[in-house]
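The values are calculated or read from the model by the stated rules, or taken from the named source; none is laboratory data. Not measured: the values here are computed from a predicted model. With ideal geometry, Cβ positions are generated from the backbone for all residues, glycine too; neighbour counts draw on all protein chains shown.
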Amino acid sequence: MCAKKGCSGGLTFTQTDNSDCLVEAAREDRTVFAQLFRRHYDEIFRYCARCLPCRQTAEDITSTVFLKMIDCFYTFRGDDDAFRVWLYRIAGNEVNSYFRKVGRQARLLDGLRNLPSPTPESEPGREDDNRIQIARLHRAMARLKPAYREIVALRYLQGFNSEEIGKITGLKSVTVRSKLARALRLLKKELRRDRTIRGSDEDV
């Protein structure tokens, strides 16, 4: 059986015979449902935060992901692993939807300028350099097609392997590897383009 259309992005899951899985228990027990929510919330938020230009946007998108999860939960059929894949699928769709809605690149870049430093304890010079490099990476990622951006984020920001990415995206592992190689070439090109346009001494 599959999850409700519009929540899973067309991804189909097969019911397993694991009667002790957390997902099944959560259908009958609100306490377990809350535990299931807490188990995955931080991970999905980190994924959104690494893909999106600012924390507030990531929080908003994460909230949308879990609202959709709640709405579709009782039609979902699958075990705990399939549930995690399902959440990533929803999150990926929402991140891509955000970038489609943003439309003009300038509006996205305004948000990127507000990125906090990832190393608040570091020395001022190092902190500024890190902030510039992360801003550049976000700008380059934003210029990739959604499918490429999603694969890069899942592989290098979330640490999934090709098989796991395939489950989330619905692609074969060999296709994932091919798209990833293409995405990295495009990402490097965009990073070089950004450096050329803005200069090495940019102060974001």
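Okay, here's what the table says:
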{"item": "Hey, V152 of a type outside the set (K, R), at pLDDT 90 or above and in a helix (DSSP H, G or I) or not", "result": "no"}
{"item": "Qualifying positions in region 28-61 - surrounded by 18 or more Cβ atoms within 10 Å (Cβ to Cβ), without any contact (Cβ under 8 Å) to a residue 60 or more places away in the chain and outside any helix (DSSP H, G or I)", "result": "L52"}
{"item": "Only one of T75, T64 that is modelled with pLDDT under 90 and surrounded by 13 or more Cβ atoms within 10 Å (Cβ to Cβ)", "result": "T75"}
{"item": "Any hit, region 130-146, residues being of a type in the set (K, R), part of a helix (DSSP H, G or I), within 17 Å of N93 (Cα to Cα) and modelled with pLDDT of 80 or more", "result": "no"}
{"item": "Pair list, Cβ under 8 Å, 6 or more apart: region 177-191 residue surrounded by 14 or more Cβ atoms within 10 Å (Cβ to Cβ), other residue not in a helix (DSSP H, G or I)", "result": "K179/L171; A183/L144; L186/L144; L187/L144; E190/R143; E190/L144"}
